[in-house]
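Notes follow once the structure below has been shown.
The values are calculated or read from the model by the stated rules, or taken from the named source; none is laboratory data. Fair warning: this is a prediction, and the values are worked out from it, not measured in the lab. Neighbour counts run over all protein chains shown; Cβ positions are idealised from the backbone, glycine included. Note: areas computed on protein heavy atoms with side chains; ligands, DNA, RNA excluded. Shrake-Rupley method; radii C 1.70, N 1.55, O 1.52, S 1.80 Å.
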Amino acid sequence: MKILQANIWQGRLAKSFIGLIKEVDPDIITLQEVCNCNDADFQTLAFSSFEDITSSFSYPHQVLAPTYSFSVMNHEVFFSNVVLSKLPIVDNKIVFTNLEFKRYFDTKQDDYNIRNFVHAELEVNNSKVNVITHHGYHVEGTKEGNEETLRQMKLLRDYIKQLSGPIILTGDFNLSPRCESLEVLNAELNNLCILNNVQTTRNELAGNAVQVCDYIFTNDLVKANKFEVEKKIISDHQALLLDFDI
């Protein structure tokens with residue numbers, strides 16, 4: 001099986017990402033910075049990356065975890081973390097790590113650091129597999145985190161420790177691999193970027209940002225056959241691909 005992880009940069013390069021999906025044909029896709037608009041008359045690549053992806057492929061099982069919505073030309077657009085799966089999703093849960101869903105977000109008044117993670121329970125060969133994705137709290141000017149990111153990573157860790165069965169955790173965490181906040185997760189799970197000596201998950205679209213901040217973690221019940229940072233430019237972040245067995 002294969003899982004593809006990507007922060008898709010609000011769908012700016014959705015066509016390129018759709019091309020990557022065609023190339024790698026993942027069974028599961030986890031996404032951050034996904035825009036979707038329920039109004040079919042206003043679905044464009046700029047504001048409907050979810051619809052553009054799901055209309056191009058068969059991923060019948062889906063979970064959207066919006067953090068906020070905003071208004072564009074009198075249309076409501078949602079900003080979400082997403083899990084797409086060819087495999088059945090038998091249960092799901094959305095947990096906010098900071099603030100709560102904000103409808104019609106106001107850039108002048110509201111805190112953009114509304115954060116959540118989505119937990120999807122997938123059925124694989126009559127067994128349960130936990131897939132979790134998260135878009136981490138952004139600290140301006142650094143990926144070393146602070147007390148707030150540490151609090152949120154402890155919340156995520158405590159949630160994961162209650163789960164049974166295989167676990168795959170993905171996302172753009174906005175944290176460097178060995179910072180104090182991420183070490184909370186490194187102590188519980190296998191950080192595949194560290195284990196594979198990944199040097200960056202960014203690209204030239206991120207300017208001078210040469211850093212690792214996107215991750216796939218697994219527990220020991222997941223066999224990682226092949227892990228790679230995809231070369232195709234689909235965002236200002238690079239996509240991650242894991243071939244695995246349960």
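Looking at Glu183 and the list (1) in a loop (DSSP other than H, G, I, E, B); (2) free of Cβ contacts under 8 Å to residues at least 12 places away in the same chain, which single condition is not satisfied?
Looking at each condition in turn, Glu183 falls short on (1).
Report, by residue number, each residue of the stretch 194-240 that is touching a Phe, Trp or Tyr at 6+ places or on another chain (Cβ under 7 Å) and surrounded by fewer than 21 Cβ atoms within 10 Å (Cβ to Cβ).
Asn196, Lys223, Ala224, Asn225, Asp236
Which of the numbered conditions does Asn197 fail, given that it passes all the others? Conditions: (1) touching a strand residue (DSSP E or B) at 6+ places or on another chain (Cβ under 9 Å); (2) at positive phi.
For Asn197, the exception is condition (1).
Looking only at strands (runs of 3 or more DSSP E) that fall completely inside the stretch 73-133, which ones have 2 or more residues that are of a type in the set (Asp, Glu) and open to solvent by 10 Å² or more (accessible area, probe 1.4 Å)?
Of the strands (runs of 3 or more DSSP E) lying wholly inside the stretch 73-133, those with at least 2 residues that are of a type in the set (Asp, Glu) and open to solvent by 10 Å² or more (accessible area, probe 1.4 Å) span 115-124.
Identify all residues within the stretch 140-159 that are in contact with a Leu (Cβ under 7 Å, 6 or more places away or on another chain), among the hydrophobic types (A, V, I, L, M, F, W, C) and open to solvent by 10 Å² or more (accessible area, probe 1.4 Å); write none if there are none.
Selection gives nothing.
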